Amino acid sequence: MLGHRLLSTVTSHNTPTALYYFSAGGTTYVLKVEFGQGQTLRDEIQWYRDAARISLPRELFVGSHIGKNFSFVLLKYFGDGSTVDDAALAGAPAHELGRHIVRALHGEAELFERTKRSATSAQMHLLVTRRYDQRRTQALAFPYLRRLMDARFVTVNGESLHGPAHCWSRTADAKPILEYLTPRQVGMTFGDLHCGNILIGGSSTEVVDPRGGALLPVTYDYGKLVQSIEGDYGAIMAGRYVLRRPADGEYEFAADSTAGYAGLATLMAEHCDERLYLQSLYQAALHFSAMLPHHASAEEETTALYLSGTVLFNKLLARLA
């Protein structure tokens, strides 16, 4: 295909995956290939197969292969590849962004309702604490990140905030609070429903990069949306933020909060009841903390993610109070 110039673009992904874009018969496709024994794409393929099994096949999915030396998934290319994050950063209005986000939420709800099952509080606590503890251990390899994670207080834009470790202990060590923040059901979800994975094509919406594997609480994905809408995750990853450090432990930080997302600041709170929203806000704060080791080689970006997560954690504590 390369020799006959049927592939127009070869690019890379944020996992050890190659993406190949090509056209055939008037349709553009994306061939996503993961070499070796990597699990990321295998989990995605399993998700597409599971969705078909419960009679919710994805229109973009064409076919897949899991092999010893490589795996691939073939998808139809959707729209022009733009995401809700792209639209937000380009100045799209809140009502347009909200329409696509709500459609993604409805798709998530349908998946979850068809597959949900009860889980014990012990199982849910293990699911959360194991992930946090694992990433906390990974963070120890980076001295600056260890200092950030262990800070009891941090000053952001002149306001003294509790550090993530303190926020974590405030929630994890207080049984009534922990029980309130712990969902009791798990099911099939998209697994990574941030706004950078919601594609838009005119009035249509599709979600890409699903993650198969363990069943999760729906608040895991709702937390991803809170991370995008209220935590400016997309702006930070696009490098659209200002970060200054006038003194040790003090930061001036401002992400490019788009007008569109600002207009959706209450979307998740309106979509959920109070408890479900606070559980989602909790997950969003944990998502920021859990991703830090994966970004640690880029200190400024990691610090921006850390500060955004810290703000969400303190927002949670204020709401719980």
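The values are calculated or read from the model by the stated rules, or taken from the named source; none is laboratory data. The shown structure was predicted, so the numbers you read here are calculated from the model rather than taken from an experiment. Don't worry about glycine lacking a Cβ; one is built from the backbone with ideal geometry, like all the others, and counts go over all protein chains shown. Areas reflect the complete protein model, heavy atoms only, side chains present, ligands, DNA and RNA absent. Shrake-Rupley method; radii C 1.70, N 1.55, O 1.52, S 1.80 Å.
Straightening the chain between Arg146 and Glu300 buys 54.0 nm, computed as 0.36 nm per residue apart minus the Cα-Cα spacing. The relative contact order of the chain comes to 18 percent, based on Cα pairs under 8 Å that sit 6 or more residues apart. Short-range pairs are left out: with C-alpha atoms under 8 Å and at least six residues apart, the relative contact order of the range 92-232 is 28 percent.
Charge tally around Val207: other residues with Cβ under 10 Å, Lys/Arg +1 each, Asp/Glu -1 each, net -3.
Annotation: amide H of Gln185 within the under-5 Å range of Ala119, sequence separation 5 or more or interchain, hydrogens built in the peptide plane.
Restricting the count to DSSP beta bridges whose residues both fall in the chain, what percent are antiparallel, rounded to a multiple of 5? Could you put the intermediate results ahead of the total?
On the way: 42 of 44 bridges.
Counting DSSP beta bridges with both partners in the chain, the antiparallel share is about 95 percent.
Of the residues Leu215, Leu19, the one with the largest accessible area comes first in the ranking Leu215, Leu19, computed with a 1.4 Å probe on protein heavy atoms.
State the extension gain, in nm to one decimal, for the chain segment bounded by Lys68 and Ser55, taking 0.36 nm per residue of separation less the distance between their alpha-carbons. Could the numbers behind the result be given before it?
Numbers: separation 13, 0.36 × 13 = 4.68 nm, distance 2.85 nm.
Additional length available on full extension: 1.8 nm.
Classify the range 90-144 from the C-alpha gyration tensor, please: rounded if a/c falls under 1.5, else prolate or oblate depending on whether a/b exceeds b/c. It is oblate, given that a/c is not under 1.5 and a/b is not larger than b/c.
For a quick check, take a GNM of the chain with Cα springs below 10 Å and name the residue from Gly191, Gly158, Gly234 with the largest mean-square fluctuation. Ranking Gly191, Gly158, Gly234 by mean-square fluctuation puts Gly158 first. Within the accessible area of the chain, what % is carbon and sulfur when the probe is 1.4 Å and the other protein chains stay in place? Exposed carbon and sulfur together represent 51 percent of the surface. Structural descriptor for the range 226-321: relative contact order 32 percent, calculated from alpha carbon pairs under 8 angstrom and at least 6 residues apart. When Thr129, Thr137 are compared by accessible surface with a 1.4 Å probe, the order from highest to lowest is Thr137, Thr129. Rounded, prolate or oblate, given the Cα gyration tensor of the range 29-174, with a/c below 1.5 counting as rounded? Taking the square roots of the gyration eigenvalues as a ≥ b ≥ c, the range 29-174 is prolate. How would the range 250-303 be classified by its alpha-carbon gyration tensor: rounded, prolate or oblate, with rounded meaning a/c under 1.5 and the a/b versus b/c comparison settling the rest? In terms of gyration-tensor shape, oblate.
For the pair the range 188-210 and the range 22-47, the centres of their Cα atoms are 16 angstrom apart. The range 243-311 and the range 50-77 have Cα centres spaced 32 Å apart. Along the range 156-168 the Karplus relation, 6.51 cos²θ - 1.76 cosθ + 1.60 evaluated at θ = phi - 60°, assigns HN-Hα couplings of 10, 6, x, 9, 7, 10, 5, x, x, 4, 5, 4, 4 Hz to successive residues, with x for each Gly and Pro.
Per residue, how much accessible surface does the range 98-243 expose to a 1.4 Å probe? Answer in Å², no decimals. Display every interim value, and only then the final one.
Values: 6360 Å² over 146 residues.
Dividing the accessible area of the range 98-243 by its residue count gives 44 Å².
Straight-line reach from Lys68: which lysines have a Cα under 25 Å away, not including same-chain ones fewer than 8 places off? The reachable lysines, counting only those whose Cα sits under 25 Å from Lys68, are Lys32, Lys76.
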